[in-house]
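The values are calculated or read from the model by the stated rules, or taken from the named source; none is laboratory data. As the structure is a computational prediction, the values presented were derived from the model and not from experiment. Positions of Cβ are generated from backbone atoms using ideal geometry, with glycine treated the same way; all protein chains shown enter the neighbour counts. Heavy atoms of the whole protein, side chains included, go into the accessibility calculation; ligands, DNA and RNA do not. Shrake-Rupley method; radii C 1.70, N 1.55, O 1.52, S 1.80 Å.
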Amino acid sequence: MEKFVSKMRSFDFSMGIGETCRVSGVTPAQIRYWEKKGYIRSIRHGDGQNKRYPYGSVAAIVYIKTKMDEGYTLAHAAAEAQRHFDDMHVLKRMLYQGGLTVEQHDDFALVMLGQLSDEPQFDVVARVDDDAVTLSKRAHQEGTL
């Protein structure tokens, strides 16, 4: 998995401002202003190169615009976007560094979350299907986490 993650991080999933505007529905002036306010960031691949917006910034732009379309102020929408992406970062770390395992079944998945600290004889298991996520505990099995 580490090689895959490393390879994916090496790809340049960025867009110029024109393409970013096209996919997000946000104007260049809005993008520049949001960048000036620190809500998004751009990158340059070299001196004199045009700004590019990495995938995370494009996702943030779309998120912020969606929230603003729902009536949020820019500041509130940007704060919501930051909280959302912070939460996603925690979940990503938990998935990749926490040693979680997933069992795929036809119409649901089981996510083994680890042993209970106060009851190490049990593991926490999340059952994820289209309608719900349910947590339960089951007897710990050596070598599963």
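Which residues, counting only those in the stretch 87-115, are assigned to a loop (DSSP other than H, G, I, E, B), modelled with pLDDT under 85 and hydrophobic (A, V, I, L, M, F, W, C)? Residue satisfying the conditions is Leu100 alone.
Look at the stretch 27-48: where a residue is on the phi < 0 side of the Ramachandran plot and a partner is among the acidic types (Asp, Glu) and at pLDDT 95 or above, sitting 6+ places away or on another chain with Cβ atoms under 7 Å, you get Arg41/Glu35; Ser42/Glu35.
Only one entry of Asp12, Asp47 meets the criterion of being assigned to a loop (DSSP other than H, G, I, E, B), charged (D, E, K, R) and touching a His at 6+ places or on another chain (Cβ under 9 Å), and that entry is Asp12.
Could you say which residue among Arg138, Arg127 is in a strand (DSSP E or B), farther than 27 Å from Val5 by Cα and not small (Gly, Ala, Ser)?
Numbers: Arg127 fails: farther than 27 Å from Val5 by Cα.
None of the others qualify; the one that does is Arg138.
Residues of the stretch 68-93 being within 17 Å of Val23 (Cβ to Cβ), more than 17 Å from the chain's Cα centre (by Cα) and open to solvent by less than 90 Å² (accessible area, probe 1.4 Å), which ones? Please lay out each step first, then the result.
Going through the stretch 68-93, the residues within 17 Å of Val23 (Cβ to Cβ) turn out to be 68-69, 81.
Going one step further and asking which of them are more than 17 Å from the chain's Cα centre (by Cα), we end up with 68-69.
Within the stretch 68-93, Met68 is the sole residue that qualifies.
Based on this model, can you work out whether Asp118 counts as charged (D, E, K, R), modelled with pLDDT under 95 and more than 21 Å from the chain's Cα centre (by Cα)? Criteria met by Asp118. Do you know which residues across the stretch 49-67 are open to solvent by 80 Å² or more (accessible area, probe 1.4 Å) and touching a residue at least 24 places away in the same chain (Cβ under 8 Å)? Scanning the stretch 49-67 gives Asn50, Tyr55.
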